[in-house]
Amino acid sequence: MSTFSLDPGPDQIAVRDWLHGFAADVIRPAAAEWDEREETPWPVIQEAAKLGIYSLDFYAQQYFDPSGIGIPIAMEELFWGDAGIGLSIVGTTLAAVAVLANGTEEQIGTWAPQMFGTPDDVKVAAFCSSEPDAGSDVSALRTRAVHDEATDEWVIDGTKTWATNGGIAHVHVVVATVDPALGARGQASFVVPPGTPGLAQGQKFKKHGIRASHTAEVVLDGVRVPGHCLLGGKEKLDERLARARERAAGGGSPSSRGRNAAMATFEASRPAVGAQAIGIARAAYEVALDYAKTRVQFGRPIIDNQGVAFQLADMKTRIDAARLLVWRASWMAANNQPFTGAEGSMSKLYAGETAKWVTSQAMQILGGNGFTREYPVERMHRDSAIYTIFEGTSEIQRLVIARAVSGMPIR
Ligand SMILES: Cc1cc2nc3c(=O)[nH]c(=O)nc-3n(C[C@H](O)[C@H](O)[C@H](O)COP(=O)(O)OP(=O)(O)OC[C@H]3O[C@@H](n4cnc5c(N)ncnc54)[C@H](O)[C@@H]3O)c2cc1C
């Protein structure tokens, strides 16, 4: 176990400076254009791939860094550049983490590299869990996977929604129910290989923010995948289902217990998402600080007014507090410390709310300019809004924290 440190070592500093350079020189200058186009910024992803920033190796290195702060540092710098482009660059990791967490070594070796492609032929991947009637309530998934014993194939039918990279991905990871009576415990994850018939993109959403990231429905109509595409394998699934049925027979609602298990899994990825929100908040704070020092009203820079200077003081304080929570949770996750106090949820809740608040303060400090697309804080404010919604809404984070602190089944 590594000692928790707030002092990044030489490796983390090198990664931070390298990514900051890429964010400042490549991402930030491209941000407004791709936000307007509302399209995946393929040339930026290709550039990131050529430099090794968009690669399985890079993320694996950060993911397994025992200091725990490799991933949050990387996320903060990329999203400081721009959140829409940042999400286009790191969206694949959602699917990669699902394979890493649930797959066998062979499955990880087969699918994780295919998700990224190569620098000359870049690919993205999608993680498809949410459905029109199953957002916060993951136990309500209706997408069904049925095993065809004769061919050892799984047949998947259903509609997924809000999938980042959905339909444009080379590899899709789809969560489906194999035993609806067991709620979340009756679910399994499947890899849908490239070009599989029956998988199609539904509507692509026009969004309020992170518009350079592609979000779409994914329709699965009689999709057949080989048995080896079930993450973790059939034997493990059968054992898990047998245990869940035994517990269900012991009384209580299986779906409510399963929901807790699924939420515990999501907890682990939340600090990384919190770090993305911090990147947006820091970017907006820096623009506001510069502006406040140079904008003159009543014959003096507006920062000379305590009302404005105190706003900036609060913005910086909240950003630093959010980073402390995110680094603590990331260090805990990297060192296999369970989030018994819902530390992962705390970090995501606070960082998401901070990004939304800081960007709105920044807009206020920029006055009329803050409200126009001449300055980036308007975009940052729109981008920040997703951070209280995806990867568990703020209300769901509060639910997890409330349950952890009270030990009560708060609803
Ligand atoms: C841009 C974008 C990208 C996304 N990317 C992905 C992706 O790649 N893969 C994927 O699977 N999903 C993705 N999602 C889906 C996202 O995770 C869901 O939108 C999110 O989980 C919330 O679900 P919902 O939208 O159905 O809201 P709902 O669950 O319907 O919630 C609506 C409101 O009710 C509140 N609420 C619900 N239940 C409770 C409760 N028990 N207590 C208190 N309040 C409650 C919520 O907090 C929220 O305010 C994405 C969404 C967006 C918008």
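The values are calculated or read from the model by the stated rules, or taken from the named source; none is laboratory data. Bear in mind that the values here come from a model prediction, so they are computed numbers and not experimental data. Here the Cβ positions follow ideal geometry from the backbone for every residue, glycine too, while neighbour counts run over all protein chains shown.
The helices (runs of 4 or more DSSP H) located wholly in segment 313-411 that include 3 or more residues which are closer than 24 Å to A24 by Cα, within 16 Å of the ligand (Cβ to nearest atom) and touching a Ser or Thr at 6+ places or on another chain (Cβ under 8 Å) occupy 343-365, 377-384. Restricting the first member to segment 160-176 and to residues that are farther than 19 Å from N102 by Cβ and near the ligand (Cβ under 9 Å from one of its atoms), and the second to residues that are in a loop (DSSP other than H, G, I, E, B) and of a type in the set (G, A, S), the beta-carbon pairs closer than 9 Å and six or more apart or on different chains are T161/S130; T161/G135; W162/S130; W162/G135. When segment 97-114 is examined, which residues are found to be surrounded by 18 or more Cβ atoms within 10 Å (Cβ to Cβ) and among the β-branched types (V, I, T)? Selection gives V97, V99, I108. Where helices (runs of 4 or more DSSP H) fall entirely within segment 26-102, those with at least 3 residues that are touching a strand residue (DSSP E or B) at 6+ places or on another chain (Cβ under 7 Å) and in contact (Cβ under 8 Å) with a residue 12 or more places away in the chain are at 42-51, 83-102.
Of all the listed residues (A242, A264, A216, A176), the sole one being at pLDDT below 95 and of a type in the set (A, V, I, L, M, F, W, C) is A264.
Highlighted here are the strands (runs of 3 or more DSSP E) found entirely within segment 150-222 that include at least 1 residues which are of a type in the set (S, T, Y): 153-164, 171-177, 187-192.
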